[in-house]
Amino acid sequence: MASNSAVPVEGFGTGAVRSGLPHDQGTGALAENICLSTTFQQLRAGKPTGSYIYSRSRNLNRPATSAVLQGLAVNSHVLSIASLYGGTHRYFTRLGASLEITVTYTNAIELDAANLVQENTTLLWIETPSNPTLFLVEIEAVTKVAHEKGVLVDVLMGALAFNSQELEEKISFIRNAGGGVPSPFDCWLAHRGIKTLHLRAAACSTSALTISRFLQSSKHVLSVNYPGLFSHPHHHIALKQHRKGLHGGVISFRIKGGMNVALKFCETSRYFTLAESLGGIESLCEVPAVMTHNGMRKEVRENSGVFDDMIRVSVGIEDVGDLVRDLEETLEKVAAS
């Protein structure tokens with residue numbers, strides 16, 4: 001029987017498919033089993049079988065796919081980019097305020113970080129590419145300042161990587177007490193999705209570049225935000241940071257005619273479904289001003305680059321020719337109306 005032990009691999013795709021738990025030696029099953037048990041038998045009182053007691057603490061699917069959330073201390077300070085996802089902004093302004101956390105926003109965190117970090121700064125927050133403006137942050141420059149100042153750099157990616165036993169113990173306690181862990185089925189789905197991530201990412205990115213070029217040439221479009229375009233102000237950062245020339249499947253653009261036309265576009269498109277999400281296999285579209293970013297004051301939202309006439313699209317894996325034709329027809333239709 002071939003071994004499934006961890007071995008060095010060259011490509012992301014190989015690692016994504018082959019990494020994780022070994023195949024089931026008893027049945028030979030290739031797919032990871034889903035453990036639905038919420039409690040686990042103990043060998044004797046106070047001595048669990050392995051490290052499993054309640055599934056809210058750990059479950060058998062989490063070792064293959066793990067996500068950790070971390071909270072900030074009361075009275076701490078956060079230095080953040082101004083171009084934030086709406087949900088992040090809500091977290092900082094509402095939940096952060098209740099914990100007396102102060103936040104400083106900047107449009108040039110690479111240049112401003114050294115001067116804006118305070119004694120109680122515990123977190124430098126960057127999202128790159130930002131959502132939905134697709135602004136980029138030079139991660140290396142921010143990381144250098146953070147290390148010099150002794151603060152945490154958190155790149156929005158769904159997980160927090162750290163090297164602190166004390167922090168791990170705190171997070172483990174909160175995770176166990178609050179039960180804020182992915183379910184076994186969620187972990188299994190995520191693990192399965194990781195195996196084809198490189199294929200889907202490549203398909204979405206390739207199509208997004210084609211679509212962004214089309215939008216840039218359209219007479220009905222004011223401007224296009226996509227890091228893969230030469231016209232993008234941070235294209236040089238994209239060339240440095242984005243692997244294999246893949247710049248993601250998210251595009252935002254400003255349409256002529258204002259918010260009403262933007263809304264009409266999203267309601268009319270055939271293949272771009274009006275919905276809030278991104279990164280899936282199906283193409284989606286939304287108007288951030290009234291959807292993902294509607295909780296931000298207009299002046300704050302526009303200062304971060306999110307205008308009323310902006311449309312965000314998440315490119316799926318449909319045939320790119322069909323997507324381009326749909327965009328072209330929809331633009332013509334809403335412009336005529």
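Could you please let me know if LEU327 is aliphatic (A, V, I, L, M), at pLDDT 95 or above and outside any strand (DSSP E or B)? Yes.
Quick check on region 312-324: of everything there that is touching a residue at least 24 places away in the same chain (Cβ under 8 Å) and either at positive phi or small (Gly, Ala, Ser) (or both), which residue is surrounded by the fewest Cβ atoms within 10 Å (Cβ to Cβ)?
GLY316
Counting the residues of region 311-332 that are in contact with a helix residue (DSSP H, G or I) (Cβ under 6 Å, 6 or more places away or on another chain) and either closer than 30 Å to ALA108 by Cβ or outside the structural domain of ALA208 (by the TED database) (or both) gives 3. Among the numbered conditions (1) modelled with pLDDT under 80; (2) under 30 Å from THR330 (Cα atoms); (3) aliphatic (A, V, I, L, M), the only one that LEU222 does not meet is (1).
In region 132-153, the residue that is farthest from ASP308 (Cα to Cα) out of those that are outside any helix (DSSP H, G or I) and in contact with a helix residue (DSSP H, G or I) (Cβ under 8 Å, 6 or more places away or on another chain) is LEU152.
Just give me the residues in region 161-199 being at pLDDT below 75 and either farther than 20 Å from GLY279 by Cα or in the same structural domain as GLY248 (by the TED database) (or both), in sequence order. The answer is ALA161, PHE162, ILE174, ARG175, ASN176, ALA177, GLY178, GLY179, GLY180, VAL181, SER183, PRO184. Among all residues of region 251-269, there is at least one that is within 17 Å of the chain's Cα centre (by Cα), outside any helix (DSSP H, G or I) and at pLDDT 95 or above. Considering only residues in region 325-337 that are touching a residue at least 60 places away in the same chain (Cβ under 8 Å) and crowded, with 17+ Cβ neighbours inside 10 Å, the one that is nearest to the chain's Cα centre (by Cα) turns out to be LEU327. Condition check for ALA202 on (1) out of contact with any Cys (no Cβ under 8 Å at 6 or more places or on another chain); (2) assigned to a loop (DSSP other than H, G, I, E, B); (3) more than 18 Å from LYS333 (Cβ to Cβ): one failure, at (2). Cβ-Cβ contacts under 9 Å between residues 6 or more apart (or on different chains), taken from a first residue in region 279-305 that is under 21 Å from ARG94 (Cα atoms) to a second residue that is of a type in the set (Lys, Arg) and assigned to a strand (DSSP E or B), are listed as PRO288/ARG312; MET291/ARG312; THR292/ARG312. Residues in region 256-295 that are acidic (Asp, Glu) and out of contact with any Lys or Arg (no Cβ under 7 Å at 6 or more places or on another chain) were compared, and the one that is surrounded by the fewest Cβ atoms within 10 Å (Cβ to Cβ) is GLU267. If the condition is being part of a helix (DSSP H, G or I), touching a residue at least 12 places away in the same chain (Cβ under 8 Å) and farther than 18 Å from THR128 by Cα, then region 213-240 contributes ARG213, PHE214, LEU215, GLN216.
The values are calculated or read from the model by the stated rules, or taken from the named source; none is laboratory data. For clarity, every value in this text was computed on a predicted model and none was experimentally measured. Every residue, glycine among them, receives a Cβ derived from its backbone with ideal geometry; neighbour counts consider all protein chains shown.
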